[in-house]
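A short reminder: the numbers here are calculations on the coordinates, not readings from a lab. Everything numeric here is computed off the predicted structure, so don't read it as measured data.
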Amino acid sequence: MRTDIVPVGTRVRGIAAQQLDPAWCRASALSEEAFPDSVRYGTQGLDAYFARGRRGFSAEGSFDGRSLEIMLGIFESCRGETGNFLLVLAADRPVSAPGAVVQVEQISSQPVLMHMATDPARGEIFVSSCFQCDEVGRWQWQSASGRFIRQPEPDPG
């Protein structure tokens, strides 16, 4: 599956891109609806892939009793730099409330089609840009800091 992805908006879930990161001018949450039908449908489409498991571009879950909405997106800085981000919101607060944005992390320096899965019981998020393999980045919820921390890649040795 090949498609170019670019951020099309200046707000994500009602939050201004520059509120997420002062250097960003545009940002968009990834969603199936943002892609053309040729990418969304068919045996190699997003709908077929996501139907096989609990993967997608966003998820909600309770992590240590804290209700969170987690999503993947793409950004463009005001200088033209692009990439992917992980956004974590407090699901029980309006986006305008203090503390609604729990975490924003730039996770790639090129915008790619990423997807995620969550395991709230283990406090984990799995993020991948590969739809045909098992390559994933693992993020672990840290109660003390109230953030997800990217875990080191396992040693292939």
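Take the alpha carbon gyration tensor of region 84-123, find the square roots of its eigenvalues, order them as a ≥ b ≥ c, and report rounded if a/c is under 1.5; if not, report prolate when a/b exceeds b/c, else oblate.
Oblate is the answer for region 84-123, as a/c is 1.5 or above yet b/c matches or exceeds a/b.
Which far-off residues, 5 or more places away or on another chain, put their amide H under 5 Å from the one on G83, with H placed in the peptide plane?
Long-range HN contacts for G83: F75.
Is the C-alpha gyration tensor of region 65-148 telling us rounded, prolate or oblate? Criteria: a/c under 1.5 is rounded; beyond that, a/b larger than b/c is prolate, otherwise oblate.
Oblate is the answer for region 65-148, as a/c is 1.5 or above yet b/c matches or exceeds a/b.
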